[in-house]
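These notes concern the structure reproduced below.
The values are calculated or read from the model by the stated rules, or taken from the named source; none is laboratory data. Bear in mind the structure is a predicted one, so any value in this text is a computation, not a measurement. Surface areas here come from the heavy atoms of the whole protein model, side chains and all, with no ligands, DNA or RNA. Shrake-Rupley method; radii C 1.70, N 1.55, O 1.52, S 1.80 Å.
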Amino acid sequence: IVWSLDGSTFGVIWYNELTSASSVDIFDIQTLQLVHQYDLETGATLMDLSPDNRTVAVGKDQQTVELRDLSNGNVVRVLSPGGVVMGGTFSPDGNTFGSFSGEEWAVTLWDVVGGQTIKKLTGFETAAPVYNATLAGDGKTVIWHARATVQVQDIASGIMGQTFSHEDFVMGLDLSRDGK
């Protein structure tokens, strides 16, 4: 679930394993009525919904990310990190998009408006496969995730923070908006 910045709508990203269909549904918070639905074509991967509930990030051919206008499906921006893209996430303000590469265990930060690369972050080390990396709610941190290990990284300095280990697989994670 992705809440809009003004709190008037929320988007639900879903995937149906039986039909391999995926969609974004936008609901009005007051009425809980569906106000918009965007169905994704077969073969594309739904990555994230922007915080304004207007742009959706779609993985294409595992090498590019298309940022699409949710109202009409038009491609607004194409990001090409130059490797296999495993996933991606918008920053809390929607101005930055982070694409995650499993080949080199890196997060490339992109300026959403201009499409330029801002920074590439690396440094997460684990024996397990890296499942994902996401931009945290504080807008200053990347959260790395591999099986039962979660580690934060400061975006500005690139310094890796404390590692959090669990005895079993971690299935969901997030960081508070104040980063604490």
Amide H within-cut-off set for Met86, under 5 Å, with H built and near neighbours excluded: Phe100, Ser101, Gly102
Where Met47, Met171 fall by accessible area, highest first, once all protein chains stay in place (1.4 Å): Met171, Met47
Nonlocal amide H pairs with Ala21, under 5 Å, H built at 1.01 Å: Asn16
Cut-off under 5 Å, modelled amide H: who pairs with Ile155 long-range: Thr141, Val142
For the stretch 1-66: Kirkwood Rh in Å [reciprocal of mean 1/r, alpha carbons]: 12.3
The stretch 53-78 versus the stretch 124-180: alpha-carbon centroid distance in Å: 25
Phi-based couplings in Hz for the stretch 119-136 (Karplus 6.51, -1.76, 1.60; Gly and Pro marked x): 6, 10, 10, 9, x, 6, 10, 7, 7, 8, x, 7, 7, 5, 9, 9, 7, 6
Accessible heavy-atom area order of His36, His166, highest first, probe of 1.4 Å: His166, His36
The stretch 18-30 - phi-based ³J(HN,Hα) in whole Hz, Karplus 6.51/-1.76/1.60, Gly and Pro as x: 5, 10, 6, 8, 9, 7, 10, 10, 10, 10, 6, 5, 6
Calculated from backbone phi, Karplus (6.51, -1.76, 1.60) coupling profile of the stretch 89-95 in Hz, x at Gly/Pro: 8, 7, 6, x, 8, x, 7
Relative contact order (%) - the chain, alpha-carbon pairs under 8 angstrom, separation at least six: 11
Bridge type composition, the stretch 33-180 - antiparallel percent by DSSP, nearest 5: 100
Residue-level accessible surface for Asp174, protein heavy atoms, 1.4 Å, Å²: 130
Rounded accessible area per residue of the stretch 68-155, 1.4 Å, Å²: 42
